[in-house]
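Some notes on the structure that comes next.
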Amino acid sequence: MANLLEALGSRIVVGDGAVAAYLYAEGVPLGRSFEGFNLTEPDRVSAAHRAYLEAGSEVIATNSFAAGRFSLQRHGLEDKVNEINWKAAKLALGEVGKSGAWVVGCIGPCGIPQAEWGAAHGVEALFRQQAGGLLDGGVHAILLQSFSDPKELTVAMEAVRELHHLPIFALLAAGREGTLPGGKHWEESTRQLREAGAEVIGVAPAFGPSACEGLMKRISSGPGKLLAAYPDAGQPEFSEGRYLYANHPQYFAQRMAELPALGVNLLGGGSGVSPSHIRALKAKV
């Protein structure tokens, strides 16, 4: 299989959208553990991966964003961390097959406020356990997605590095103006992530693709400086008991297609980014 980092250094690579959001759009209620579906309804997870691959995704993320012990504990699944993450990797790899697409192991924030960190929670151990299941499952890289706190993201990176030296993609969920907790600056935070060893850095804003351009203009690209953008489809509206995203796939694709000019070669999405969005994006780039 071709090297993912080499591909990112030479051309535009299209990612996917969030599997959990895909399942939600298919009618799964918010109170369920989407990651638990890896064990209870694996066919639905596989169908989500397959839909994105058929739409043109070359990089798909495992269904494991909230598959850390603390997050799974809310659903009584805290003893299934290794199994859920291992299965997440296997389901994604099973759909990739011989297509040449890559699988990144997705890890989101641990869910514990930083003020409550300490020996009782062992935050680094939480990330290490989750990463271990994904690595055992055979992922090609680790995607640390939608972290709003650079410190937590750095802790997650260190936990992964203790286990393996697969590429790490580190994405911050910055505000429109690059705002981060504690008054941290977007430019300084991304520089620190690069210095900490992230092979790919980028943004995963909740405000949609329009927020990406201004943020990515403020960090440099170049040899060895690979950039990614994984925005949500936009801000959802609550209607008739469901959260809905208004951004049309063509609008999403048009805005995302502007980013490669800034050195952003990995283009994907988060919540609300459906296979239709990815298909439109693939056609644009």
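Taken together, the values in this text are just the output of simple stated rules run on the coordinates, not laboratory data. Quick caveat: nothing in here was measured; it's all calculated off a predicted structure. Backbone-built Cβ (ideal geometry, glycine too); neighbour counts: all protein chains shown.
Taking every DSSP beta bridge that has both residues in the chain, what percent is antiparallel when rounded to the nearest 5?
15
Starting from the 7 Å offset along Cα-to-Cβ, what nm value, one decimal, do you get for the label separation of Leu39 and Glu116?
Output for this residue pair reads 2.2 nm.
Quickly work out the Lys151-to-Lys217 label distance, labels modelled 7 Å from Cα along the C-beta direction, and quote it in nm with one decimal.
Result for the modelled spin labels: 3.2 nm.
Give the residue list of GluC sites (Glu not before Pro) in segment 1-51 that are DSSP loop and have at most 15 other beta-carbon atoms within 10 angstrom. It would help to have the intermediate numbers written out before the result.
On the way: sites: Glu6, Glu26, Glu35; in loops: Glu26, Glu35.
Taking segment 1-51 and a limit of 15 other Cβ atoms within 10 Å, the loop GluC sites (Glu not before Pro) found are Glu26.
In nm, to one decimal, how far is the Arg161 label point from the Ser99 one, both placed 7 Å along Cα→Cβ?
Spacing of the two 7 Å Cα→Cβ label points: 3.3 nm.
Over its Cα atoms, what ratio of radius of gyration to 2.2 N^0.38 Å does segment 32-126 give?
Numbers: Rg = 14.5 Å, N = 95, 2.2 N^0.38 = 12.4 Å.
Compactness ratio reported: 1.17.
Quick check: net charge around Thr154, other residues with Cβ under 11 Å of its Cβ, Lys/Arg +1 and Asp/Glu -1?
On the way: positive: Lys151, Arg161; negative: Glu124, Asp149, Glu152, Glu158, Glu195.
So the surrounding residues net to -3.
Amide H of Leu226: which non-local residues (sequence gap of 5 or more, or other chain) have their own amide H closer than 5 Å, using H built in the peptide plane?
Residues meeting the criterion, in which the H sits 1.01 Å from N, are Ile201.
Based on C-alpha coordinates, I'd like the Rg and Dmax of segment 17-72, in Å.
Cα only, segment 17-72: 11.0, 34 Å (Rg, Dmax).
Is segment 4-284 rounded, prolate or oblate when judged by the Cα gyration tensor, a ≥ b ≥ c being the square roots of its eigenvalues, rounded requiring a/c under 1.5 and prolate requiring a/b larger than b/c? List each step's numbers first, then the result.
Details: a/c = 1.27, a/b = 1.07, b/c = 1.19.
Judged from the Cα gyration tensor, segment 4-284 comes out rounded (a/c under 1.5).
Rounded to the nearest 20 debye, what is the charge dipole size of the chain about its Cα centre when +1 sits on each Lys and Arg Cβ and -1 on each Asp and Glu Cβ?
Details: 25 positive and 29 negative charges, 98 e Å.
The dipole magnitude comes to about 480 debye.
Once you mark the trypsin sites (Lys or Arg not before Pro) that are in a DSSP loop and have at most 11 other Cβ atoms within 10 Å, what is the longest gap between them in the chain?
Values: sites that count: Arg11, Lys98.
Of all site-free stretches, the longest is 99-285.
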